[in-house]
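Quick notes on the structure that follows.
Bear in mind that the values in this text are calculations on the coordinates, not laboratory data. Here the structure is a predicted model, which means the values were calculated and not measured. Here the Cβ is made from the backbone with ideal geometry for all residues, glycine too, and neighbour counts use every protein chain on show.
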Amino acid sequence: MSHKTRALIRALPVRYAEATVDYGVRVPINTELAAIQHAQYVAELAKHVDELIWAEPFDEGPDSVFVEDQAVVASGLAVLARSGHTPRRLERAGIADALRPFVELIPMEAPCTLDGGDVLRVGPHIFVGRSARTNDAGISFLRESFSPLGYQIHRVDGTKGLHLKCVCSKIASGTVMAVEGRLQPDTFQDFVDVVWVPEEESYAANALAVGGHVMMAAGFPTTRRRLLERGLPITEMSLSEIRKGDGALTCMSILLESDAE
Ligand code: CIR
């Protein structure tokens, strides 16, 4: 893999207002505002990577903007996920096409299911949430694919929301933030440093660390303060319409970064 940093993204689909809402409360989505918020996300992301890769739009898939769920990428390898939400399996082909020039692809097959939102990589450690979307076979497949490359796969049980990364995310090299009370305190063992944020700000626990910067949801003062106390440069993003589709910051991109990240 080259040393250029890249992020894969996909346009907001025409049918975004029909996005799956399994965990949030369904409220009408303002698609114009959603498009503005997505454009702001893309513009910010562009400042922190060398190149954006646009996957072909997939308007038939209302959730297709949430590309993260479709692949797990590290060390020049992409495991193409088999979504735990059947209709979302149609999104994968376009993601594979967009990734193909840059990484080797390994497609996950039945009976595996996995959503990339359940996968948190911090350096050589890959934490995988066992959830309604990600099954044991999916976790084993990830282990078999990435262990030979030197990664340690850690299964995380007890994910109650949609995905593991609804309650935690990487904020810097070797550091994650996580929601108090939503994960066992020893989930990350001694492998990574944890910044805990309060339950009432749980939506903000999904932040996107990219190029030494942290993109976070606007309107969460405690989380913001804790990141600033760590000396992390942050940009706050309005995500009201993305949240209504059960999405957050990491969901809308796949980072192809150097392995040290
Ligand atoms: C879904 O239910 O699959 C989408 N509406 C939301 C997916 C969010 N993805 C993510 O957190 N990685």
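Which one, Thr187, Leu232, Ser253, projects farthest toward the positive side of the charge dipole computed for the chain from Cβ point charges (K/R +1, D/E -1)?
In the chain, that residue is Thr187.
For region 166-179, take each phi angle, set θ = phi - 60°, evaluate the Karplus expression 6.51 cos²θ - 1.76 cosθ + 1.60, and give the result in whole Hz per residue in order, putting x for glycine and proline.
Per residue, the Karplus-derived 3J(HN,Hα) values read 6, 10, 6, 6, 7, 10, 6, 4, x, 9, 10, 10, 8, 7 Hz.
So if each residue of separation counts as 0.36 nm, and I subtract the Cα-Cα distance between Ala17 and Asn30, what length gain in nm does that give? Could the numbers behind the result be given before it?
Values: separation 13, 0.36 × 13 = 4.68 nm, distance 0.75 nm.
Using 0.36 nm per residue and subtracting the Cα-Cα distance, I get 3.9 nm.
For the chain, what is the charge dipole size about the Cα centre, in debye to the nearest 20, if Lys and Arg each add +1 at the Cβ and Asp and Glu each add -1 at the Cβ? Please list the in-between numbers first.
Working: 26 positive and 35 negative charges, 22 e Å.
My answer is approximately 100 debye.
Quickly work out the Thr5-to-Leu149 label distance, labels modelled 7 Å from Cα along the C-beta direction, and quote it in nm with one decimal.
1.8 nm
Compute the Cα gyration tensor for the chain, then decide on rounded, prolate or oblate, letting a ≥ b ≥ c be the square roots of its eigenvalues: rounded whenever a/c is under 1.5, prolate when a/b is larger than b/c in the other cases, and oblate in all that remain. Could the numbers behind the result be given before it?
Values: a/c = 1.21, a/b = 1.01, b/c = 1.19.
In terms of gyration-tensor shape, rounded.
Grab the Cα-Cα distance for Thr175 and Trp196, subtract it from 0.36 nm times how many residues apart they are, and report the gain in nm with one decimal.
Details: separation 21, 0.36 × 21 = 7.56 nm, distance 1.08 nm.
Extra length from Thr175 to Trp196 when fully extended: 6.5 nm.
Identify which of Ala93, Ala178, Ala248 has the largest mean-square fluctuation in a Gaussian network model of the chain, with springs joining Cα atoms closer than 10 Å.
Ala93
Quick one: which residues, 5 or more positions from Leu105 or on another chain, have an amide H under 5 Å from its amide H? H modelled 1.01 Å from N in the peptide plane, none for Pro or chain starts.
The answer is Ala78.
Remind me, relative contact order of region 5-257 in percent, using alpha carbon pairs under 8 angstrom and six or more residues apart?
Details: 542 pairs, mean separation 58.4, N = 253.
About 23 percent, as a whole number.
With both partners inside the chain, how many of the DSSP beta bridges are antiparallel, as a percent to the nearest 5? Could you put the intermediate results ahead of the total?
Values: 18 of 40 bridges.
Roughly 45 percent of the beta bridges in the chain run antiparallel, per DSSP.
Under the Karplus relation 6.51 cos²θ - 1.76 cosθ + 1.60, θ = phi - 60°, what is the ordered set of whole-Hz ³J(HN,Hα) values for region 63-79, x standing for Gly and Pro?
9, 5, 5, 8, 5, 3, 5, 8, 7, 10, 10, 7, 6, x, 10, 10, 8
Could you sort 100-111, 4-15, 160-171, 34-45 so that the peptide with the highest average Cβ count within 10 Å comes first and the rest follow in order?
Values: 100-111: 13.6, 4-15: 19.2, 160-171: 24.9, 34-45: 17.4.
By packing density, highest mean first, the sequence is 160-171, 4-15, 34-45, 100-111.
Can you give the FRET efficiency to the nearest 0.05 for Leu52 and Leu228, using r as the Cβ-Cβ distance and R₀ = 41 Å?
0.90
Report the paramagnetic label zone for Thr86: residues of region 12-55 whose backbone N is under 19 Å from a point 7 Å from Cα along the Cα-to-Cβ axis.
Label zone hits: 19-23.
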